[in-house]
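Taking it in order: structure first as structure tokens, then the write-up.
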Amino acid sequence: MRGGTTTDAELIESSLREPERFAVLYDRHHQMVHRYIARRLGRDLADDLMADTFLVAFRRRERYDLTRSDARPWLYGIATTLVGQHHREESRFWRFIARTGVDHVVEFPGDQVADRVSAQGLRRELAAALAKLPRGQRDVLLLTAAGGLTTEEIASALGIAKGTVHSRLSRARKRTGDVLGGADPREINEEFVHERA
């Protein structure tokens, strides 16, 4: 315990002796994982893949690096791998939004009308750009925007070098920025991803 709060690493370590302790980690992070997966594949698959993410994490908890107090990058890495197994569905999801402008994942709060109008104006273009990105570039861009992870956390989550993260992120920003008339996709994607209540 540090400052009265158990770290994720401490929860995982204690779950090796008391498996029910893993439920606290689930309670702490399941909404975040669900949002991330829903952002990538839509709500239809998010429930199942969120549950699968925690099942995989539970089964692999003995291998967790206990020097990492925050399990978010690890959980995002597992979720990203599972999302990758549904690559066709993800591409279809983004193409649907690009074609229709409708995103059933996003729930708009009434007090953010201006942000909504701004984001809706670019929704189709952004979705089309995301659909065209290679999977690795889309992963790092969405882990940055939807997951709020740092370069180091993304590298850890995906098991790649920080330089690879930088390279993929740079390419993804360029490709989506070109489609969006030079706008920074991180800023637009932030609005797009965080429009929900």
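The values are calculated or read from the model by the stated rules, or taken from the named source; none is laboratory data. In this text the structure is predicted, and so the values were computed from the model without any measurement. Cβ coordinates were reconstructed from backbone atoms using ideal geometry, including for glycine residues, and neighbour counts include every protein chain displayed. Keep in mind that these areas ignore ligands, DNA and RNA; they rest on the heavy atoms of the full protein, side chains included. Shrake-Rupley method; radii C 1.70, N 1.55, O 1.52, S 1.80 Å.
Below, the figures for the structure above:
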read-out: Residue within the stretch 65-79 that is at pLDDT 90 or above, touching a Pro at 6+ places or on another chain (Cβ under 9 Å) and not aliphatic (A, V, I, L, M) present; value: no
read-out: Residue ID - modelled with the lowest pLDDT, chosen from residues in the stretch 27-51 that are surrounded by fewer than 18 Cβ atoms within 10 Å (Cβ to Cβ) and closer than 23 Å to HIS86 by Cα; value: ASP44
read-out: Of residues in the stretch 12-26 being acidic (Asp, Glu) and assigned to a helix (DSSP H, G or I), the one most open to solvent (accessible area, probe 1.4 Å); value: GLU20
read-out: THR67, sole failed condition from (1) assigned to a loop (DSSP other than H, G, I, E, B); (2) free of Cβ contacts under 8 Å to residues at least 40 places away in the same chain; value: (2)
read-out: Which listed residue is at pLDDT 85 or above, surrounded by 18 or more Cβ atoms within 10 Å (Cβ to Cβ) and either among the charged types (D, E, K, R) or out of contact with any Phe, Trp or Tyr (no Cβ under 7 Å at 6 or more places or on another chain) (or both), from VAL106, VAL193, VAL165; value: VAL165
read-out: Candidates LEU55, LEU82 - the one that is open to solvent by less than 60 Å² (accessible area, probe 1.4 Å) and either part of a helix (DSSP H, G or I) or over 23 Å from THR6 (Cα atoms) (or both); value: LEU82
read-out: Answer residue from the stretch 109-154, given it is open to solvent by 60 Å² or more (accessible area, probe 1.4 Å), among the polar types (S, T, N, Q) and farther than 18 Å from LEU180 by Cβ and is modelled with the lowest pLDDT among those; value: GLN112
